[in-house]
């Protein structure tokens, strides 16, 4: 295992120190926690948004802390859910009295710990709402989930719910738009190589020299099938085909597209994927409002990508286009 | 070789098609070329900025085409200089009559081809100025250079010269500030793994299981030494030490820092690097105005990173902070 690190057991702590040192104008770390919040939190008159999960998916989620997206992100150990007490600290730090929305990716550990934290907060009189993101159409139940997994589509929830919260909407309104995004977003991924959790020191799974895995999860959870490497155009057809089967778009529908690198895949390859994606959507007369290409929710140094499609209406377009100023996402 | 591509010989063409499909609101491709320009080029009353080089370094350079940075980027084959005729097309497309600045990374092929293109443009009455970036302090001469190589510090030249051009400055003024950035910026990189040029099909060099290379170039050119993997803090001391030896900063100097991932290195590891970088600069009483962490100039899927330091004065701070709206860089 070759990684730029000091102690494999200190990677999250060291990362957070380096992150706060880099972006001290925008974020702060709550003392003695792994919680990153906006420097100006809590924002008066604004619903607070908290997300989080295991680390190793950077820039998710701390990279989305800032104006127009998240107020706080809770960073667990690598690929490990953060504990309820850490989530509770985040909730307290971002609540201005208007309530807090928890944006949770659908993993059993995350669900349990965010729910416990919500109960702790409610016991202290903080209004809390929860939205569970389950955008991954690859498999129904999986290693760490009941139901579908939450993956890169979660970033659309951060963006859109964050934009509405920034306008001063109520907790119920922000929760409703977050649920609308969840209802309208679908994703699916694939990997060319595994990744190594630092404390484990070896890959979490194996792929042969010419083998890829379709439908893999962002922690390396098994997908649909292992297969031989195929041309990018054919991989697009498999991933986008399954997304389109599920999302049931109609002629003239508008979408946002996200092509998300899992860590080691060059931008060049993501753009090559988009060539075929854009062709297929054009053929189907589906209008692409915006395409996001880059690393939005990674799996350490896994090679591979996911595709996400978000079906848009006028409200979602306005909120997707709204200003955002976070560490990694600016509009 | 496992890559998301169709034909190894078509990767640049396919990438550009996917890029234009993704960002058609901001950029266009000149017909029958590998040149990407701002959709609204040429901008009246504004000096045009053109950069480019071999592909495989994405988001450099096409990702920086947009308001406040580049007007055009010329994309060669992977790790191969673009030809003079392509560069000439870019110059013609972005010239509004106020002249064009060419920002060239110091590689023998790039220098020769950009100079030939400049002569072709001047023969047609277009004013052209050239600035050569040579920020890499690792080695003096190298495989493809006479003198130091140009690497990630080039992005600071795009940003700052682009901001001044956007204000309506003359070609001479934009050239002068670009040269000031070149004078004030230093970089150095290291790699943990090699990368594979698609058309070659195998790694350009070898590194052992626990081996890294210090001072490597962005095409895998040999650096200072191959050594065993070391803790991130020690790698920072080597890279930053050599940069600081060369840049000769003084007490209270202000800098911008860039920690650039070469392709396969997770953001987590780049932030771990920044922990030590920020500590060393603080000890030396050097003030960090802004830290940029991410992938700015890559080497396909190489694992590793480079550090860049730009010494700032009031003019450079104002231009660094100015608005920018490109595909990947927004301020």
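The values are calculated or read from the model by the stated rules, or taken from the named source; none is laboratory data. The structure displayed is predicted, hence computed values, not measured ones. Neighbour counts are summed over all protein chains in view; Cβ atoms, including those assigned to glycine, are modelled from backbone coordinates with ideal geometry.
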Among the candidates A:1, A:5, single out the residue that is surrounded by fewer than 17 Cβ atoms within 10 Å (Cβ to Cβ) and either in the same structural domain as residue A:202 (by TED's automatic domain parsing) or within 30 Å of residue B:212 (Cβ to Cβ) (or both). A:1
Of everything in segment A:257-302 that's over 23 Å from residue A:216 (Cβ atoms) and more than 9 Å from chain B (Cβ to nearest Cβ), which residue is surrounded by the fewest Cβ atoms within 10 Å (Cβ to Cβ)? A:283
Please give the strands (runs of 3 or more DSSP E) falling wholly within segment A:222-326 in which 1 or more residues are touching a residue at least 12 places away in the same chain (Cβ under 8 Å) and more than 22 Å from the chain's Cα centre (by Cα). A:225-228, A:287-294
Exactly one of (1) farther than 18 Å from residue B:184 by Cβ; (2) in contact with a strand residue (DSSP E or B) (Cβ under 7 Å, 6 or more places away or on another chain); (3) surrounded by fewer than 22 Cβ atoms within 10 Å (Cβ to Cβ) is unmet by residue B:123. Its number? (2)
May I ask you to verify whether residue A:114 is farther than 22 Å from residue A:23 by Cβ and within 14 Å of chain B (Cβ to nearest Cβ)? no
Exception for residue A:98 within (1) over 28 Å from residue A:198 (Cα atoms); (2) touching a strand residue (DSSP E or B) at 6+ places or on another chain (Cβ under 7 Å) falls at (2)
So, residue A:76, is that one surrounded by fewer than 24 Cβ atoms within 10 Å (Cβ to Cβ), in contact (Cβ under 8 Å) with a residue 12 or more places away in the chain and within 19 Å of residue B:267 (Cα to Cα) or not? yes
Condition test on residue B:174, is it closer than 30 Å to residue A:17 by Cα and surrounded by 16 or more Cβ atoms within 10 Å (Cβ to Cβ)? no
I'm trying to understand the selection: among the residues of segment B:4-32, which are in contact with a strand residue (DSSP E or B) (Cβ under 8 Å, 6 or more places away or on another chain) and away from chain A (no Cβ under 14 Å)? B:28, B:30
Any residue in segment A:200-212 that is in a loop (DSSP other than H, G, I, E, B), in contact with a strand residue (DSSP E or B) (Cβ under 7 Å, 6 or more places away or on another chain) and either buried (at least 19 other Cβ atoms within 10 Å of the Cβ) or within 8 Å of chain B (Cβ to nearest Cβ) (or both)? yes
Kindly provide the set of residues from segment B:154-186 that are closer than 18 Å to residue B:239 by Cβ and out of contact with any helix residue (DSSP H, G or I) (no Cβ under 8 Å at 6 or more places or on another chain), ordered by number. B:154
Members of segment A:303-320 that are surrounded by fewer than 24 Cβ atoms within 10 Å (Cβ to Cβ) and within 14 Å of chain B (Cβ to nearest Cβ): A:317, A:320
Scanning for something at pLDDT 95 or above and in a strand (DSSP E or B), does segment A:20-27 turn up at least one residue? yes
How many of the residues making up segment B:80-115 are under 26 Å from residue B:143 (Cα atoms) and surrounded by fewer than 24 Cβ atoms within 10 Å (Cβ to Cβ)? 11
Can you tell me which condition residue B:20 does not meet? The list is (1) surrounded by fewer than 21 Cβ atoms within 10 Å (Cβ to Cβ); (2) over 21 Å from the mean Cα position of the chain (by Cα), and all the others hold. (2)
